[in-house]
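The structure under discussion appears below in the form of structure tokens.
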Amino acid sequence: MLESIEKEYPEVSASSCQECKTTHPTWALYRHNDKIVCGACFNKGVEIPQLLSVTEPWESEEGKHLKALRYAKLEETAWFFLPGCPYTDASVEAVKDYRTLLHRMTVDFLPDSWVWPEFPTLQFKEK
């Protein structure tokens with residue numbers, strides 16, 4: 001398993017990749033073949049076609065429509081995180097989880113397998 005050099009050098013916040021010579025935070029650098037390299041240099045030449053093709057279904061008309069609906073649902077719930085929200089902390093946390101599911105829609109699902117999450121039941125704070 002490839003691990004970041006961050007644990008090796010906790011006092012250092014950034015360093016240079018020995019391949020491309022660019023500076024990166026230590027959590028983005030890895031020890032590989034006795035060199036310290038960034039993720040881009042480590043992955044040079046590695047093809048991951050299934051990851052690249054996952055976005056294609058979301059560019060279809062159905063995918064664009066679902067993303068527009070998701071955006072509207074995210075906009076409708078954004079105010080829950082403003083000061084003065086009348087709902088309990090547990091309700092706000094439930095809305096946060098709901099929004100996380102919406103944000104992950106295009107990452108974890110395809111348009112034909114997406115099912116809208118149920119909006120949580122909310123409770124007002126006691127006065």
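The values are calculated or read from the model by the stated rules, or taken from the named source; none is laboratory data. Treat the numbers as computed from the prediction; the structure is a model and nothing was measured. Please note: Cβ atoms are built from the backbone with ideal geometry, for glycine as well, and neighbour counts cover all protein chains shown.
Among the residues of the stretch 107-127, write down those that are aromatic (Phe, Trp, Tyr) and within 21 Å of Phe81 (Cα to Cα). Before you say what the answer is, go through the steps one by one.
If we filter the stretch 107-127 for residues that are aromatic (Phe, Trp, Tyr), which is where we start, we get 109, 114, 116, 119, 124.
Within the stretch 107-127, Phe119, Phe124 qualify.
Looking at the stretch 79-110 only, could you name the residues that are within 25 Å of Glu59 (Cβ to Cβ) and either aliphatic (A, V, I, L, M) or outside the structural domain of Gly63 (by TED's automatic domain parsing) (or both)?
Leu101, Leu102, Met105, Val107, Leu110
Scan the stretch 61-82 and give yes if some residue there is assigned to a strand (DSSP E or B) and either more than 18 Å from Trp114 (Cα to Cα) or modelled with pLDDT under 75 (or both), otherwise no. Spell out how you get there, then give the answer.
Filtering the stretch 61-82 for residues assigned to a strand (DSSP E or B) gives none.
Scanning the stretch 61-82 turns up no residue that is assigned to a strand (DSSP E or B) and either more than 18 Å from Trp114 (Cα to Cα) or modelled with pLDDT under 75 (or both).
Taking Cys41, is it surrounded by 11 or more Cβ atoms within 10 Å (Cβ to Cβ), hydrophobic (A, V, I, L, M, F, W, C), out of contact with any His (no Cβ under 7 Å at 6 or more places or on another chain) and modelled with pLDDT under 90?
Values: surrounded by 11 or more Cβ atoms within 10 Å (Cβ to Cβ): yes; hydrophobic (A, V, I, L, M, F, W, C): yes; out of contact with any His (no Cβ under 7 Å at 6 or more places or on another chain): yes; modelled with pLDDT under 90: yes.
Taking the combined requirement at face value, the residue satisfies it.
Pairs only if they're at least six apart or on different chains, beta carbon under 8 angstrom, first in the stretch 76-98 and at positive phi, second part of a helix (DSSP H, G or I); list them, first residue then second.
Cβ pairs passing all conditions: none.
Could you look through the stretch 88-120, keep only residues that are acidic (Asp, Glu) and assigned to a helix (DSSP H, G or I), and pick out the one that is nearest to the chain's Cα centre (by Cα)? Before you say what the answer is, go through the steps one by one.
Residues of the stretch 88-120 acidic (Asp, Glu): 89, 93, 97, 108, 112, 118.
Now narrow it down to the ones that are assigned to a helix (DSSP H, G or I): 89, 93, 97, 108, 112.
Values: Asp89: 23, Glu93: 18, Asp97: 13, Asp108: 10, Asp112: 21 Å.
If we take residues in the stretch 88-120 being acidic (Asp, Glu) and assigned to a helix (DSSP H, G or I), then Asp108 is nearest to the chain's Cα centre (by Cα).
Hey, Ala94 hits all of (1) at pLDDT below 80; (2) surrounded by 13 or more Cβ atoms within 10 Å (Cβ to Cβ) but one; which does it fall short on?
(1)
So if I check each of Pro57, Pro49, which one is touching a Gly at 6+ places or on another chain (Cβ under 6 Å), under 30 Å from Thr106 (Cβ atoms) and either surrounded by 11 or more Cβ atoms within 10 Å (Cβ to Cβ) or at pLDDT below 75 (or both)? Even if it seems obvious, please write down each step before you answer.
Numbers: Pro49 fails: touching a Gly at 6+ places or on another chain (Cβ under 6 Å).
From the options Pro57, Pro49, the qualifying one is Pro57.
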